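First the structure, then my questions, so here it is.
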Amino acid sequence: MSFDLTHLFVGAALLFASFVKGVTGLGFPLIATPMVALLLDIRTAVTILILPNLVMDSAQVIRGGFPYEVFRRFAGLIAPTIIGVFLGTMVLVKLPLWMLNFCLGVMVLLFVFANMLKLDFMISPRAEKILSPLFGFISGFLNGMTNAAGPTLAIYLYSLKLEKRAFVKSISTIFVTTKLSQLVAISTWNLFNWATITLSIQVLVFTLAGFYAGMKIQDRVNQQTFNRGLSILLLLIGVILIWRAVTQNG
């Protein structure tokens, strides 16, 4: 595979995606997956991005101490996530992805526009106990199928009104569980092999600088700016998902 402008474009997108991941705790697979898919097929793209995601999420989880409180609060969300990952991976192997990308993109855009119109969503502690398993399963399923658990979890955690650091730590902790499950599921379907492992390590090494810079920026951003940036990111993600849907073939 000869080097051309596409490789340069994909490299820049990977650095940007890892920077966004460092700042907000999400966005890497949604930005990186369609870019890597320009060079490789979608299933390989999903596979090689698991390891970089896992390392970056783990770094954000252990930052500031082990997330005991996250596990206590979101235990009811994490368990259904694992089930969703395996079912979603099964669909990834067998079915086209465009319809799910389209529906997810529309859902994200509706949420962003509702926030822009000041239609503020807030989930009560009682509703949280009911909704956590549902959002856990949906996010796991979407992650297994499209590598896109981030929007669903971001909408849910945003509606819980978590503080900036708590948001990043919570979403990263859930992502670690999701990615470990996805790693097992991918291996079950023989998508994780020596070739994809090698590519995965190369992507990881390449993106560490962008991720580190993003974490440093996160420390300097105030809560209001963080919320505004997260809304803008979700808007871009929604557009990317719909773009992926209308441009995918099968």
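Looking at residue 26 and the list (1) in a helix (DSSP H, G or I); (2) open to solvent by less than 20 Å² (accessible area, probe 1.4 Å), which single condition is not satisfied?
Tallying (1) in a helix (DSSP H, G or I); (2) open to solvent by less than 20 Å² (accessible area, probe 1.4 Å), residue 26 fails exactly one: (1).
What about residue 61, is it buried (at least 19 other Cβ atoms within 10 Å of the Cβ), over 19 Å from residue 233 (Cα atoms) and modelled with pLDDT under 85?
For residue 61, the condition - buried (at least 19 other Cβ atoms within 10 Å of the Cβ), over 19 Å from residue 233 (Cα atoms) and modelled with pLDDT under 85 - is not met.
Search segment 95-110 for residues being in contact with a helix residue (DSSP H, G or I) (Cβ under 6 Å, 6 or more places away or on another chain) and open to solvent by 80 Å² or more (accessible area, probe 1.4 Å), and hand back the single one that is modelled with the highest pLDDT.
Once the filter is applied, the top-ranked residue is 102.
Can I ask one more? Pairs needed: first member in segment 25-47, touching a residue at least 12 places away in the same chain (Cβ under 8 Å); second member anywhere, open to solvent by 20 Å² or more (accessible area, probe 1.4 Å) and among the hydroxyl-bearing types (Ser, Thr, Tyr); C-beta distance under 6 Å; at least 6 residues apart or different chains.
Pairs that qualify, where the first residue is touching a residue at least 12 places away in the same chain (Cβ under 8 Å) and the partner is open to solvent by 20 Å² or more (accessible area, probe 1.4 Å) and among the hydroxyl-bearing types (Ser, Thr, Tyr), are 38/6.
Report, by residue number, each residue of segment 222-250 that is farther than 14 Å from residue 112 by Cα, surrounded by 13 or more Cβ atoms within 10 Å (Cβ to Cβ) and modelled with pLDDT of 80 or more.
242, 243
Okay, moving on. When you go through (1) aliphatic (A, V, I, L, M); (2) open to solvent by 10 Å² or more (accessible area, probe 1.4 Å); (3) more than 13 Å from the chain's Cα centre (by Cα); (4) at pLDDT below 90 one by one for residue 75, which number turns out not to apply?
(4)
The values are calculated or read from the model by the stated rules, or taken from the named source; none is laboratory data. Nothing here was measured: the structure is a model prediction, and the numbers come from that model. Here Cβ is always computed from backbone atoms with ideal geometry, including for glycine, and neighbour counts include all displayed protein chains. These accessible areas exclude ligands, DNA and RNA; they are computed on the full protein's heavy atoms, side chains included. Shrake-Rupley method; radii C 1.70, N 1.55, O 1.52, S 1.80 Å.
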